[in-house]
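Written out below as structure tokens is the structure these notes cover.
Taken together, the values in this text are just the output of simple stated rules run on the coordinates, not laboratory data. All values reported here derive from a predicted model rather than from experimental measurement. Here the Cβ is made from the backbone with ideal geometry for all residues, glycine too, and neighbour counts use every protein chain on show.
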């Protein structure tokens, strides 16, 4: 497995792979890998001959009072996991390699990013779109794999690829959960044993809400209230509980309904912000 620290070396590797007729798959991550990330790498391997996993904690998607400085980092551990998973190359650049001096160009999406995490984390998706666009230009992948746990992020990246004409196929990967249902996240490391136990109310509540919607219940206001109460009673501090059109990420409309409904939650347990969701087919 090769490890690259500079954009030029990463790009040269990718172009050489493609020159020889190979296909490159990209898995963008912020490191501190878990089995959810590894599942993305395996999916990328199925769709391409060469897998590049980027390991970069992107400062521009963190707000001023968020956890950039304490975000878990362990590059050697991550590299070992990547090698075991069959990743061909890791791109782990320093911050100055991605963001030079006096940069003033950003990639901004102004529809899908106005709700959910975009509403409570101003500027977050500007940072996400900008760094992903840079990674696309550096790695030049044929495909890129994104997990559905960050569903809003996935939708925004799909929109960016479409609108900016990137010649890249985006592949969706399902949420990977712990045996007890908690969605895998690098931030789970922050949780105390009690907080982790209490946080199971998120996945359990989403599952119950999805079940009611699948059964035909259309009282979304009641379903949201019940879900919010369940999380609050478990000690969670709500950021949002929403039931939205899964395509537009806006209020569900019976006049022009999409095929899918999104149940989405963000909540704090202690200082740890967790997100989770479910897509309910109509």
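Step by step: first the residues of region 147-185, then only those that are assigned to a strand (DSSP E or B) and under 30 Å from residue 197 (Cα atoms), then the one that is nearest to the chain's Cα centre (by Cα). Which residue is that? Break it down stepwise before answering.
The initial filter retains those residues of region 147-185 that are assigned to a strand (DSSP E or B), namely 147, 169-173, 177, 183.
Narrowing further to those that are under 30 Å from residue 197 (Cα atoms): 147, 172-173, 177, 183.
On the way: 147: 5, 172: 10, 173: 10, 177: 14, 183: 12 Å.
Here the residue is 147.
Give region 108-140 a look and list any residue that's buried (at least 18 other Cβ atoms within 10 Å of the Cβ), within 19 Å of the chain's Cα centre (by Cα) and not in a helix (DSSP H, G or I), or say none.
Passing the criteria: 109, 115, 121.
Consider residue 201 carefully, then state whether it is under 20 Å from residue 267 (Cβ atoms) and either in contact (Cβ under 8 Å) with a residue 40 or more places away in the chain or touching a strand residue (DSSP E or B) at 6+ places or on another chain (Cβ under 8 Å) (or both). Lay out the reasoning, then the answer.
Values: under 20 Å from residue 267 (Cβ atoms): yes; either in contact (Cβ under 8 Å) with a residue 40 or more places away in the chain or touching a strand residue (DSSP E or B) at 6+ places or on another chain (Cβ under 8 Å) (or both): no.
Criteria not met by residue 201.
For region 1-107, please list each of the helices (runs of 4 or more DSSP H) lying entirely inside it that holds at least 3 residues being out of contact with any helix residue (DSSP H, G or I) (no Cβ under 9 Å at 6 or more places or on another chain) and exposed (fewer than 15 other Cβ atoms within 10 Å of the Cβ).
Values: elements: 7-19, 35-47, 75-85, 95-98.
Helices (runs of 4 or more DSSP H) meeting the threshold: 7-19, 75-85.
Would you confirm whether any residue within region 5-17 is under 12 Å from residue 143 (Cβ atoms) and free of Cβ contacts under 8 Å to residues at least 40 places away in the same chain? So that I can check it myself, show each step before the final result.
Going residue by residue through region 5-17, those that are under 12 Å from residue 143 (Cβ atoms) are none.
Scanning region 5-17, I find no residue that is under 12 Å from residue 143 (Cβ atoms) and free of Cβ contacts under 8 Å to residues at least 40 places away in the same chain, so the answer is no.
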